[in-house]
1. Restricting the search to the stretch 241-284, which residues are basic (Lys, Arg) and open to solvent by 40 Å² or more (accessible area, probe 1.4 Å)?
2. What's the total number of residues in the stretch 181-195 that are closer than 19 Å to Gln109 by Cα, open to solvent by less than 10 Å² (accessible area, probe 1.4 Å) and assigned to a loop (DSSP other than H, G, I, E, B)?
3. Being at pLDDT 90 or above and either in contact with a Pro (Cβ under 7 Å, 6 or more places away or on another chain) or of a type in the set (A, V, I, L, M) (or both) is the filter; apply it to the stretch 31-48 and report the residue that is most open to solvent (accessible area, probe 1.4 Å).
4. Would you mention how many residues in the stretch 150-162 are among the basic types (Lys, Arg) and either outside any helix (DSSP H, G or I) or surrounded by 14 or more Cβ atoms within 10 Å (Cβ to Cβ) (or both)?
5. Please determine whether any residue of the stretch 210-221 is of a type in the set (A, V, I, L, M, F, W, C) and not in a helix (DSSP H, G or I).
6. Could you list all residues from the stretch 2-17 that are of a type in the set (Gly, Ala, Ser) and either part of a helix (DSSP H, G or I) or closer than 14 Å to Ser194 by Cβ (or both)?
7. Checking Glu97 against (1) in contact with a Pro (Cβ under 7 Å, 6 or more places away or on another chain); (2) more than 10 Å from Leu162 (Cα to Cα); (3) open to solvent by 30 Å² or more (accessible area, probe 1.4 Å): exactly one of these is not met. Which one?
8. Just one of the numbered conditions (1) open to solvent by less than 40 Å² (accessible area, probe 1.4 Å); (2) at pLDDT 95 or above; (3) within 23 Å of Ala224 (Cα to Cα); (4) in contact with an Asp or Glu (Cβ under 8 Å, 6 or more places away or on another chain) is not true of Ile90; which one?
Amino acid sequence: MRMGSRGSLLALAQSNWVKQQLMERYRDLEVELTIIKTSGDQRVDRPIPSIGGKGVFTKEIEEALLRSEIDIAVHSLKDLPTELPAGLAIAAVPRREDARDVLVCRNRQGLKDLPRRARLATGSLRRQAQLLHCRADLSLVPIRGNIDTRLRKLNEGEADALVMAAAGLKRIDRAECITEYLPDEVCVSAAGQSALAIEARDDGTMTALLAFLHDPSTEAEVAAERSLLERLGGGCHVPVGARARVEGDTLRMIGVVARADGKSLCKSIIEGRTTIAREIGRRLADQLLKNGAAKILGLT
């Protein structure tokens with residue numbers, strides 16, 4: 001089996017985890033890992049929205065799938081656009097990691113303890129908007145690069161603190177860097193955050209092989225989150241957060257839409273049966289639009 005992946009430390013950790021699961025399950029299976037450099041990896045000097053937004057970390061890998069140069073691809077699900085290229089499908093969604101955002105601070109201070117004008121680094125409009133809504137006195141500075149690059153920049157004094165995904169730090173065994181976990185009241189995570197997507201050609205050949213890795217609860221959660229994002233037309237250009245949680249037969253979901261400067265923010269909560277996950281996402285999106293998100297998004 002030929003597996004495609006980005007070459008970052010996190011991407012390789014994720015892909016090697018999938019590779020290990022496959023080889024333990026199928027003892028006679030050989031898995032060959034192919035590293036593919038994406039446009040998002042090549043242009044680290046510019047903000048993601050300015051180089052194409054959603055898809056900048058997946059396009060080249062998906063093209064390799066379509067050319068049959070690889071058999072499966074392992075992605076961070078939040079990097080995948082809500083609409084996949086014709087001929088491709090998500091064959092499995094493993095159980096997600098911790099979906100929360102976290103604060104990583106050089107002085108080990110929590111968000112409320114950071115001094116006025118503290119330099120808080122993030123490359124995400126979603127994080128920026130919610131953090132400024134919570135603490136307008138902070139100085140938000142842009143940052144790009146892989147996890148290890150961002151941590152190095154923090155240690156070199158380019159910022160006082162970082163906001164990152166808990167899942168990424170945990171997957172590369174750097175959880176000790178986490179200063180504080182940010183709750184939904186402060187920062188709602190991105191749609192699909194902490195989940196993996198194993199993508200394949202849409203011919204069904206990989207679905208049965210990967211079925212043991214698939215987690216239905218995670219699938220329901222990310223289906224609801226991606227449905228909300230699709231309904232709002234959001235991506236890297238719009239500060240949108242969505243987090244669904246399966247609790248038994250119920251799916252509870254929170255969504256947020258905010259202005260980039262944090263001065264206006266709309267947040268709503270909904271719940272329903274897990275069997276209608278995508279519909280729950282759409283309903284929450286409509287609820288947000290009705291409650292003020294339409295104005296924030298410039299739709300009215």
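The values are calculated or read from the model by the stated rules, or taken from the named source; none is laboratory data. Note that the structure is predicted; figures quoted are calculated from it, not measured. As a convention, Cβ positions derive from the backbone with ideal geometry for all residues, glycine included, and neighbour counts pool all protein chains shown. In case anyone asks, the SASA skips ligands and DNA or RNA and just uses the protein heavy atoms, side chains included. Shrake-Rupley method; radii C 1.70, N 1.55, O 1.52, S 1.80 Å.
1. Of everything in the stretch 241-284, those that are basic (Lys, Arg) and open to solvent by 40 Å² or more (accessible area, probe 1.4 Å) turn out to be Arg245, Arg252, Arg259, Lys263, Lys267, Arg273, Arg278, Arg282, Arg283.
2. Residues flagged as closer than 19 Å to Gln109 by Cα, open to solvent by less than 10 Å² (accessible area, probe 1.4 Å) and assigned to a loop (DSSP other than H, G, I, E, B) within the stretch 181-195 amount to 1.
3. In this case the residue turns out to be Ile35.
4. 2
5. Scanning the stretch 210-221 turns up no residue that is of a type in the set (A, V, I, L, M, F, W, C) and not in a helix (DSSP H, G or I).
6. Ala11, Ala13, Ser15
7. It fails just one condition, (1).
8. Just one mismatch for Ile90, condition (1).
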